[in-house]
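Novice: Attaching a single structure in structure tokens format; questions to follow.
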Amino acid sequence: MRLAELSARSGVSTATIKYYLREGLLAPGRQINATTAEYDEDHLRRLRLVRALIQVGRVPVATAKEILGHVDDESLGRTIRLGAALWALPHGPEPDEEDPAVVAARNEVERLLTSLGWETARELAPLSPVYRSLVTAVATLIRLGYAWDAELMAPYAELMLQVAGRDLDFLETHGSESERVETAVAAAVLFEPVLRALHRLAQEEESARRYGLQ
């Protein structure tokens, strides 16, 4: 397809596509002549991911380039490749290690991972921004007087492991490794709001079933 068709199918203006090409977020098309290039379905899929990152996720261009670099790094194994791409996404503020609430939260998260037998999560904890985000979130609860501990988190963590299984089942329906990693990154930006909304709808439904519509 030519640039105009790529623009029409992706919903991204030709000017923006040219900008993404200049910034290295999109691979060059196959050159037909000095002024014309041809693009394919891989370009369309990548454009959708770039749009999800920058326009929906508000990810800076430099961060998007880092994420896409991990997505395209075929030297990495699947778990490391996926993890590196997801870790490069923006996360919350870093925990203040001097804060007593952070110390208490870290202890509870460590107890949680130990009780669940999540050894990989424990091994990667020093490197993982996701782990640090969890510590920060739990610390906020503790600081505000909510007694949130490993025992309370465990049932939620076990349910999320089932969700993760569903995620990977879906990824495996895609043909190439790059497609799978791209889909995982796009889902982290686009699908997490769906999960949050479903959680709240489920709370409404369960409340009505237990207590009625009063």
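Novice: Name the single residue, out of those in segment 119-132 being in contact (Cβ under 8 Å) with a residue 24 or more places away in the chain and open to solvent by less than 70 Å² (accessible area, probe 1.4 Å), that is farthest from Ala84 (Cα to Cα).
Specialist: Checked segment 119-132; the qualifying residue farthest from Ala84 (Cα to Cα) is Arg132.
Novice: From the residues in segment 33-54 that are modelled with pLDDT of 85 or more and farther than 21 Å from Ser176 by Cα, which one is most open to solvent (accessible area, probe 1.4 Å)?
Specialist: Glu38
Novice: Can you tell me which of (1) free of Cβ contacts under 8 Å to residues at least 12 places away in the same chain; (2) within 23 Å of Asp73 (Cβ to Cβ) is the one Ala186 doesn't meet?
Specialist: Here Ala186 clears every test but (1).
Novice: Shifting gears a bit: Those residues that are open to solvent by 20 Å² or more (accessible area, probe 1.4 Å) and either among the small types (Gly, Ala, Ser) or under 24 Å from Phe191 (Cα atoms) (or both), I need them from segment 95-117; list them, please.
Specialist: Correct list: Ala104, Ser115, Gly117.
Novice: Something else about it: Among the helices (runs of 4 or more DSSP H) lying completely within segment 1-82, list those that include at least 2 residues that are outside the structural domain of Glu192 (by TED's automatic domain parsing) and hydroxyl-bearing (Ser, Thr, Tyr).
Specialist: Values: elements: 3-10, 14-23, 41-51, 61-71.
Helices (runs of 4 or more DSSP H) meeting the threshold: 3-10, 14-23.
Novice: Something else about it: So for segment 15-23 (the condition being small (Gly, Ala, Ser), free of Cβ contacts under 8 Å to residues at least 12 places away in the same chain and open to solvent by less than 70 Å² (accessible area, probe 1.4 Å)), does at least one residue qualify? Even if it seems obvious, please write down each step before you answer.
Specialist: Of the residues in segment 15-23, the ones small (Gly, Ala, Ser) are 15.
Subset that is free of Cβ contacts under 8 Å to residues at least 12 places away in the same chain: 15.
From what is left, the residues that are open to solvent by less than 70 Å² (accessible area, probe 1.4 Å) are 15.
Yes; the residues of segment 15-23 include at least one that is small (Gly, Ala, Ser), free of Cβ contacts under 8 Å to residues at least 12 places away in the same chain and open to solvent by less than 70 Å² (accessible area, probe 1.4 Å).
The values are calculated or read from the model by the stated rules, or taken from the named source; none is laboratory data. It should be emphasised that the depicted structure is a prediction, and the values quoted were computed from it without experimental measurement. Every residue, glycine among them, receives a Cβ derived from its backbone with ideal geometry; neighbour counts consider all protein chains shown. For the accessible areas, the whole protein counts, side chains as well, though only heavy atoms, and no ligand, DNA or RNA atoms are used. Shrake-Rupley method; radii C 1.70, N 1.55, O 1.52, S 1.80 Å.
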